[in-house]
1. Being farther than 20 Å from Leu147 by Cβ, among the small types (Gly, Ala, Ser), surrounded by 15 or more Cβ atoms within 10 Å (Cβ to Cβ) and touching a Pro at 6+ places or on another chain (Cβ under 7 Å), is that true of even one residue in the range 102-116?
2. Please find, within the range 34-72, the residue that is farthest from Val115 (Cα to Cα) out of those that are within 16 Å of the ligand (Cβ to nearest atom), in contact (Cβ under 8 Å) with a residue 12 or more places away in the chain and charged (D, E, K, R).
3. How many of the residues in the range 13-25 are touching a strand residue (DSSP E or B) at 6+ places or on another chain (Cβ under 6 Å) and more than 10 Å from the ligand (Cβ to nearest atom)?
4. What are the residues in the range 112-129 that are part of a helix (DSSP H, G or I) and within 9 Å of the chain's Cα centre (by Cα), if any?
5. Pick from Lys144, Lys161, Lys149, Lys153: which is part of a loop (DSSP other than H, G, I, E, B), without any contact (Cβ under 8 Å) to a residue 60 or more places away in the chain, surrounded by fewer than 18 Cβ atoms within 10 Å (Cβ to Cβ) and of a type outside the set (A, V, I, L, M)?
6. Does Ile92 qualify as being of a type outside the set (Asp, Glu), closer than 14 Å to Met22 by Cα, within 10 Å of the ligand (Cβ to nearest atom) and surrounded by fewer than 18 Cβ atoms within 10 Å (Cβ to Cβ)?
7. Looking at (1) within 26 Å of Asn140 (Cβ to Cβ); (2) surrounded by 13 or more Cβ atoms within 10 Å (Cβ to Cβ); (3) among the basic types (Lys, Arg), which is the only condition Arg59 fails?
8. Hand me the list of strands (runs of 3 or more DSSP E) wholly inside the range 1-95 holding 2 or more residues that are of a type in the set (D, E, K, R).
Amino acid sequence: MSSKKLNKVAIIMGSQSDYSTMKYSKKVLQSFSIKCDVKIVSAHRTPKRMFEFAKNAERNNYSVIIAGAGGSAHLPGMVASLTSIPVIGVPIESKKLKGMDSLLSIVQMPKGIPVGTVAIGKDGAINAGLYAASIIGLQNKKVKNSLLKFRLKQSKSVKKKPK
Ligand code: RP5
């Protein structure tokens, strides 16, 4: 695949209810002018859709997949098993176990199929966007520079003394 094409991210999630968290990944990517497609793909409710998505991910020029899931969160691992594109898993904060179930399901992948796992909820979704940007930044100077600018601004915003 040519490096020019390696600029698109897929954001997938198990349910509409995940979007209130996953929209933050989209916001971050948009702030870096990175193209993304957002889809609902459930490992257990729409397994055929999941299979088709993952098998066609490379053909569709995705360079990173961000997958948000809650509860017994098998979506990121299942997708990672079907493609060699890097998968970042976002544990959604579930009602009953506050996302601990999601976190442990996503982070505890047995050896052989990795899923890069971020924090539970909004912070994780934001970091997933930033992580995807840094992967894309390896091939794309504009994105890399924007990321460096973002970090510089962030550092400058931290006051030396508390009020
Ligand atoms: C998972 O089940 C989804 O990722 C979601 O976090 C969770 C609950 O889904 P809904 O019952 O809200 O559709 O598949």
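The values are calculated or read from the model by the stated rules, or taken from the named source; none is laboratory data. Not measured: the values here are computed from a predicted model. Note that we place each Cβ from the backbone using ideal geometry, even for glycine, and neighbour counts take in every protein chain shown.
1. Within the range 102-116, one or more residues are farther than 20 Å from Leu147 by Cβ, among the small types (Gly, Ala, Ser), surrounded by 15 or more Cβ atoms within 10 Å (Cβ to Cβ) and touching a Pro at 6+ places or on another chain (Cβ under 7 Å).
2. Checking each candidate, the answer is Arg45.
3. So the answer is 1.
4. Matches in the range 112-129: Gly124, Ala125, Ile126, Asn127, Ala128, Gly129.
5. From the options Lys144, Lys161, Lys149, Lys153, the qualifying one is Lys161.
6. no
7. With (1) within 26 Å of Asn140 (Cβ to Cβ); (2) surrounded by 13 or more Cβ atoms within 10 Å (Cβ to Cβ); (3) among the basic types (Lys, Arg) applied to Arg59, the lone miss is (2).
8. Ranges flagged: 35-40.
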